[in-house]
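The values are calculated or read from the model by the stated rules, or taken from the named source; none is laboratory data. Quick caveat: nothing in here was measured; it's all calculated off a predicted structure. Methodologically, a virtual Cβ is constructed for each residue, glycine included, from the backbone with ideal geometry; neighbour enumeration extends over all protein chains shown.
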Amino acid sequence: MAKNKKKKKGGYKPPVKSPQDIINDLVVIAQKIHSADEPGPLWGDLHKAFLKSDVDKEIAAKIIMHKDKEELDSVIRQLKTGIEVAISEKTSMELPTLDHETQIEALRCFRKRVKFMKLDRESKLGVGPLTSGKDANVDSMMAPHDYPMDVWLALARDGHLIDDGGGFFHVPQ
């Protein structure tokens, strides 16, 4: 009769990479991204490499989400020199000055969309057959596509809307 032999757990574990090896991996992936015509899958590889590095997750997420090659180069330069990694804020956008008529029409459009969204949420029934709709509070909503994003940002700059980031705005109370 054969004895039950327990298998040893484990297997091959690759050696832990040094911080310099991780930076070298990031450099290689960045070079591949710059040279590729369709770098789609390479951004996923870059994300995995960023997770192994000391780069802040928010910075890595912004670079990967926007597929920003310039910021990627900036972060790699900062990693090579050993300084703390930070990305530049692009706030020097030239926003248009809106005439009074455009402001009124855009705000009317935004408020109408907020009203429709609120009515839509209040009209949904609950689980039971005898329930009614609830009050819906709309914190913020995506700017309508009736006007370009520059118009909404200009309205936020002038104080007519509040920019919540990511294309979301709300009306000040």
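Annotations for the structure displayed:
- For the stretch 24-48, taking the residues that are acidic (Asp, Glu) and exposed (fewer than 12 other Cβ atoms within 10 Å of the Cβ), the one that is farthest from the chain's Cα centre (by Cα) is identified as Asp37.
- Output for the stretch 1-42, where each listed residue is outside any helix (DSSP H, G or I) and either among the aromatic types (Phe, Trp, Tyr) or in contact (Cβ under 8 Å) with a residue 40 or more places away in the chain (or both): Tyr12
- Taking the conditions (1) surrounded by fewer than 11 Cβ atoms within 10 Å (Cβ to Cβ); (2) modelled with pLDDT of 85 or more in turn, Met93 satisfies each one other than (2).
- Residues considered: Leu79, Leu51, Leu72. Of these, the only one that is surrounded by 12 or more Cβ atoms within 10 Å (Cβ to Cβ) and within 25 Å of Gly166 (Cβ to Cβ) is Leu72.
- Boolean, Ile64 is free of Cβ contacts under 8 Å to residues at least 24 places away in the same chain, outside any loop (DSSP other than H, G, I, E, B), surrounded by 12 or more Cβ atoms within 10 Å (Cβ to Cβ) and under 22 Å from the mean Cα position of the chain (by Cα): yes
- Cross-chain or 6+ apart pairs with Cβ under 6 Å, the stretch 145-163 first and of a type outside the set (Val, Ile, Thr), then in a helix (DSSP H, G or I): Asp146/Cys109; Tyr147/Ala106; His160/Leu107; Leu161/Leu155; Asp163/Ala156
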